[in-house]
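> Can you keep this structure in mind? I'll have questions shortly.
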Amino acid sequence: MAVTTITKSNLEKVLKSGYQAVTSECGPPRSSDPAHIIEKGNLIRNHVDSVNITDNQTSVTRLCSLAACIHLKQQGIDPVLQMVVRDRNRIALQSDILGAASFGIHNILCLSGDHQSFGDNPQAQNVFDLDSMQLVQTVRHMRDEGKFISGDEIKVPPSMFVGAAANPFGDPFKIRVPRLAKKVASGAEFIQTQCIYNIDKFEKWMEGVRERGLHEKVYIMAGITPMRSVGMARYLSKNVPGMDVPEELIERLKGVEKNKQSEEGITIAVETIQRLKEVEGVAGFHIMAIEWEEKVPEMVERSGLFPRPQID
Amino acid sequence: MIVGEQKPFDEIWEMVRKHKQVTVFGCNTCVAVCHQGGNKEAGILASQLKIRASQDDVDIEIVDSGIERQCEHEFFEKTEELIQGSEAVLSLACGIGVQFMASKYEKTPVYPALNTTFLGDVIASGHFTEKCQACGDCVLGITGGVCPVSRCCKRLFNGPCGGSSNGKCEISKDLDCAWQLVVDRLEALGKMGDYEKVMPLKDWSKDRSGGPRSFKLEDF
């Protein structure tokens, strides 16, 4: 089946071919040694369509997302460059976009970024020259108009498939669909959501998304993170703002022997994927295994999402 | 108004202890409202310094005084002689007053007794909160009268971020999420449709990014 894409992104190809896509993510090391990130990428490469690289997640200083993306690209993996607006002004953002495109990185996920108070440098300045929606607009403007924010021409514009995040569990809930509409209006082409544990609430959000026809304008990838233990479930529930972990999920993990809890967590994640596969408008899954990449292949296989489509 | 907080006493003492004479000088407008830098506070601070000098057996003459505002020439007339005769001044004004005095009295050391903290209001007696960062291009007309620059810790123009939880900000359960407040206000005003207008890129050249700002009335 021939499919027309705007960029050379594998993710774009898979989504536009009508398959439910699968992405995962890897966090770069707190070191100048790229071996670990390359190893993580190779662990999951056959089971996902593209791999996100996080950008100094939770505001902890790490090897930069752009460099890590280049390492994966050199392995033949399709990377998704995560870019937060916390640390760079519009000059640096546009510059990094060109730099990424020059290495054949064809996906970008535009994010605000966690506040620096969570990280290893709470004394740092934050930038927030643009917000995440304005970054989406910027990448689209650079790609589609071939122009910088200033209006100056870009001789060879960056070719990037543009994504944004959505958190259906953030407050106030009533603006979570309108907020997605704003991201779509800004030019987002794919969405990766916050980790989904409260499936009922997610489905309610998707209802609102469908009512406005937004699922036909943007590819929505459901965020999945397996629980490793009841302790992790409790931690996420209590300490991570905007994370919705229902009590019955905690109870289910609690009811399992300690050494079987991680296995149960994988099973819950697989069941979640299986249920959400049937939800109209869910275009794929974004599996954030958080230092548990070796489990991604198993989850993808058990969810019936393997093998991944190979599209020329 | 401008809100400030007195520096730790030891830091203040360290700045002034080597002088033979210091005038502790209050500023009786903004920073008097927050009970940190008014003429009354200048008197109290002067007493504390005298006690410390006596405890440490340091020979230093400490006097206190103050004016209505340390950021305008005309208010200095009645204390001109006192300041001219002072070896050093410990100013309880905000950073503006300290600098104004430092430029007015070229050879007199002027030390800040306060940390200037923010532009804010008095939401309850003794409770002050930041409301403006003087970004130079006010958007309150389209955000329901809630400032995203000073009240959102990521100064998002198209918020809220995913960290908004039960009306509170991700960085602290004691801090209101500015975008929750924006949404509540837009709803109360019957203007929820405005929420979906994508706010364009901000021109930060009117902010401190563009360098120190000034404006001059041509008629004066």
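The values are calculated or read from the model by the stated rules, or taken from the named source; none is laboratory data. Worth saying up front: this structure is predicted, and the values here are computed from it rather than measured. Cβ coordinates were reconstructed from backbone atoms using ideal geometry, including for glycine residues, and neighbour counts include every protein chain displayed.
> Identify, by number, the condition in (1) without any contact (Cβ under 8 Å) to a residue 24 or more places away in the chain; (2) more than 26 Å from residue B:165 (Cα to Cα); (3) part of a helix (DSSP H, G or I) that residue A:234 doesn't meet.
(2)
Conditions tested, residue by residue: (1) more than 14 Å from residue A:197 (Cβ to Cβ); (2) of a type in the set (A, V, I, L, M).
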| residue | (1), (2) |
| --- | --- |
| A:246 | no, no |
| A:256 | yes, yes |
| A:269 | no, yes |
| A:277 | yes, no |
| A:284 | yes, no |
| A:288 | no, yes |
| A:293 | yes, no |
| A:302 | yes, no |
| A:311 | yes, yes |
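> Could you check, for the stretch A:250-257, whether at least one of its residues is touching a Gly at 6+ places or on another chain (Cβ under 8 Å), surrounded by 15 or more Cβ atoms within 10 Å (Cβ to Cβ), in a helix (DSSP H, G or I) and not hydrophobic (A, V, I, L, M, F, W, C)?
no
> If you check A:175, A:154, which single one turns out to be surrounded by fewer than 18 Cβ atoms within 10 Å (Cβ to Cβ) and either farther than 22 Å from residue A:26 by Cβ or touching a Gly at 6+ places or on another chain (Cβ under 7 Å) (or both)?
A:154
> Output the number of residues of the stretch A:179-220 satisfying the condition of being within 20 Å of the chain's Cα centre (by Cα), within 13 Å of another protein chain (Cβ to nearest Cβ) and more than 21 Å from residue A:288 (Cβ to Cβ).
Total satisfying the criteria: 7.
> If we scan the stretch B:100-113, do we find a residue that is among the hydroxyl-bearing types (Ser, Thr, Tyr), under 18 Å from residue B:5 (Cβ atoms) and either surrounded by 15 or more Cβ atoms within 10 Å (Cβ to Cβ) or touching a residue at least 12 places away in the same chain (Cβ under 8 Å) (or both)?
yes
> For the stretch A:282-308, give me each residue that is buried (at least 16 other Cβ atoms within 10 Å of the Cβ), more than 17 Å from the chain's Cα centre (by Cα) and either in a loop (DSSP other than H, G, I, E, B) or of a type in the set (Phe, Trp, Tyr) (or both).
Of everything in the stretch A:282-308, those that are buried (at least 16 other Cβ atoms within 10 Å of the Cβ), more than 17 Å from the chain's Cα centre (by Cα) and either in a loop (DSSP other than H, G, I, E, B) or of a type in the set (Phe, Trp, Tyr) (or both) turn out to be A:303, A:305, A:308.
> Another one. What single numbered condition from (1) at pLDDT 95 or above; (2) closer than 28 Å to residue B:166 by Cβ; (3) within 20 Å of the chain's Cα centre (by Cα); (4) among the hydrophobic types (A, V, I, L, M, F, W, C) fails to hold for residue A:240?
(1)
> Looking at B:150, B:209, B:164 in this structure, which one is within 14 Å of chain A (Cβ to nearest Cβ) and within 23 Å of residue B:31 (Cα to Cα)?
Result: B:150 is the single residue among B:150, B:209, B:164 that is within 14 Å of chain A (Cβ to nearest Cβ) and within 23 Å of residue B:31 (Cα to Cα).
> Starting from the stretch B:193-205, keep only residues that are within 9 Å of chain A (Cβ to nearest Cβ), then list their pairs with residues that are surrounded by 13 or more Cβ atoms within 10 Å (Cβ to Cβ) and of a type in the set (Gly, Ala, Ser) whose Cβ atoms are within a distance under 7 Å, requiring at least 6 positions of separation or different chains.
B:196/A:181; B:198/A:185; B:198/A:186
> Moving on. Restricting to the stretch B:167-182, what's the tally of residues that are more than 9 Å from chain A (Cβ to nearest Cβ), closer than 16 Å to residue A:117 by Cα and among the hydrophobic types (A, V, I, L, M, F, W, C)?
Summing the residues that are more than 9 Å from chain A (Cβ to nearest Cβ), closer than 16 Å to residue A:117 by Cα and among the hydrophobic types (A, V, I, L, M, F, W, C) in the stretch B:167-182 gives 1.
> Are there helices (runs of 4 or more DSSP H) fully within the stretch B:92-198 with at least 3 residues that are in contact with a strand residue (DSSP E or B) (Cβ under 8 Å, 6 or more places away or on another chain) and not small (Gly, Ala, Ser)? List them.
Here the list reads B:95-104.
> Quick check: is even one residue across the stretch A:133-151 surrounded by fewer than 24 Cβ atoms within 10 Å (Cβ to Cβ), more than 19 Å from the chain's Cα centre (by Cα), in a loop (DSSP other than H, G, I, E, B) and facing another protein chain (nearest Cβ under 10 Å)?
Yes - at least one qualifying residue is present in the stretch A:133-151.
> So, one more: Among the candidates A:160, A:227, A:221, which residue alone is among the hydrophobic types (A, V, I, L, M, F, W, C), surrounded by 15 or more Cβ atoms within 10 Å (Cβ to Cβ), in contact with a Leu (Cβ under 7 Å, 6 or more places away or on another chain) and farther than 18 Å from residue B:164 by Cα?
So the residue among A:160, A:227, A:221 that is among the hydrophobic types (A, V, I, L, M, F, W, C), surrounded by 15 or more Cβ atoms within 10 Å (Cβ to Cβ), in contact with a Leu (Cβ under 7 Å, 6 or more places away or on another chain) and farther than 18 Å from residue B:164 by Cα is A:227.
> Give the residue that is nearest to residue A:56 (Cα to Cα), with candidates limited to residues of the stretch A:98-122 that are of a type in the set (S, T, N, Q) and within 14 Å of another protein chain (Cβ to nearest Cβ).
The selected residue is A:116.
> Same structure again: Please enumerate the residues belonging to the stretch A:237-249 that are assigned to a helix (DSSP H, G or I) and farther than 20 Å from residue A:289 by Cβ.
The answer is A:238, A:247, A:248.
> Another question, if that's okay. Which of the residues spanning the stretch B:117-146 are in contact with a Cys (Cβ under 6 Å, 6 or more places away or on another chain) and crowded, with 19+ Cβ neighbours inside 10 Å?
Within the stretch B:117-146, B:128 is the sole residue that qualifies.
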